[in-house]
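The values are calculated or read from the model by the stated rules, or taken from the named source; none is laboratory data. Computed from a predicted structure; not experimentally measured. Cβ coordinates were reconstructed from backbone atoms using ideal geometry, including for glycine residues, and neighbour counts include every protein chain displayed.
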């Protein structure tokens, strides 16, 4: 009888644990990934507001990041505590960054301004040779920036002309001799494929990050507002969307791939710690 009294609570706890695991919702994943089981790296307090991440091709042992408030480029190794930074600008609302042609760092501000400097400047305490392109993009709120060959791809989170349930504006920019940066094209992406709602029950899509998958050549767009991953083909046609587990993706703002196709997504910390989630590509 004594043995029964001792083991019954244990059996009950094991039963409840089994039921909770069995009932945990599994989210559908893009081919080659399991978005339910990431490797998780907790960030230091200086990156609590992490908003953008990227790699330099051929040097992918280091991840580069920015955060919302400080004009600092952070260099980090997710698996370790190694973290350094180079200051490139004043305080401001910095949202994303990318590497253009493996030569230039480009940083996007929420108001559509872009800051560029050479990758050779990374590591300096203060970067002085920064080219500032103030409000180069039309009025709106911007959070996504990616590079494609020698061009920049800027993604609008909230633009006056966009119908939030149907389309998103994208701008392409190119740097010409003399260091001039020019908008060379603009187009809208049809997002009517999306059929999901945010936490308030509204159908909204306000993208917060963009990156190109080097293996499949698809564009991945992440939305923090309604915890969503949207995939587009090379012609910018939306082909699939994937709701994200809010218990894993607290505030997904940054997205990047390494050359092997491994997917990295960063989450702002809010009241807790920020993190980076790694989803390894499985062929």
Failed item, numbered, when residue 84 is tested on (1) within 23 Å of residue 275 (Cβ to Cβ); (2) in contact (Cβ under 8 Å) with a residue 60 or more places away in the chain = (2)
inquiry  = Of everything in the stretch 224-255, what is more than 23 Å from residue 73 (Cα to Cα) and in a strand (DSSP E or B)? Give them in sequence order.
reply    = 228, 229, 230, 231, 232, 238, 239, 240, 241, 242, 243
ask   = Is it the case that the stretch 59-79 has a residue that's surrounded by 19 or more Cβ atoms within 10 Å (Cβ to Cβ) and within 25 Å of residue 162 (Cβ to Cβ)?
value = yes
key: Members of the stretch 247-269 that are free of Cβ contacts under 8 Å to residues at least 40 places away in the same chain and under 25 Å from residue 158 (Cβ atoms)   = 249, 250, 251
request  = Using the structure shown, decide if residue 261 is modelled with pLDDT of 95 or more and either more than 30 Å from residue 45 (Cβ to Cβ) or exposed (fewer than 12 other Cβ atoms within 10 Å of the Cβ) (or both).
outcome  = yes
note = Scanning the stretch 162-196 residue by residue, those under 16 Å from residue 104 (Cβ atoms) and part of a loop (DSSP other than H, G, I, E, B) turn out to be 177, 178, 179
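When the residues of the stretch 14-56 are filtered to those that are in a loop (DSSP other than H, G, I, E, B) and loosely packed, with under 12 Cβ neighbours inside 10 Å, which remaining residue is modelled with the lowest pLDDT? Explain how you work it out, then say what you get.
To start, the set of residues in the stretch 14-56 that are in a loop (DSSP other than H, G, I, E, B) comprises 24-38, 43-44, 48-49, 55-56.
Those left that are additionally loosely packed, with under 12 Cβ neighbours inside 10 Å: 24-26, 28, 31.
Values: 24: 66, 25: 80, 26: 92, 28: 96, 31: 96.
My answer is 24.
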Residue list for the stretch 135-146, restricted to those being assigned to a strand (DSSP E or B) and surrounded by fewer than 20 Cβ atoms within 10 Å (Cβ to Cβ) = 141
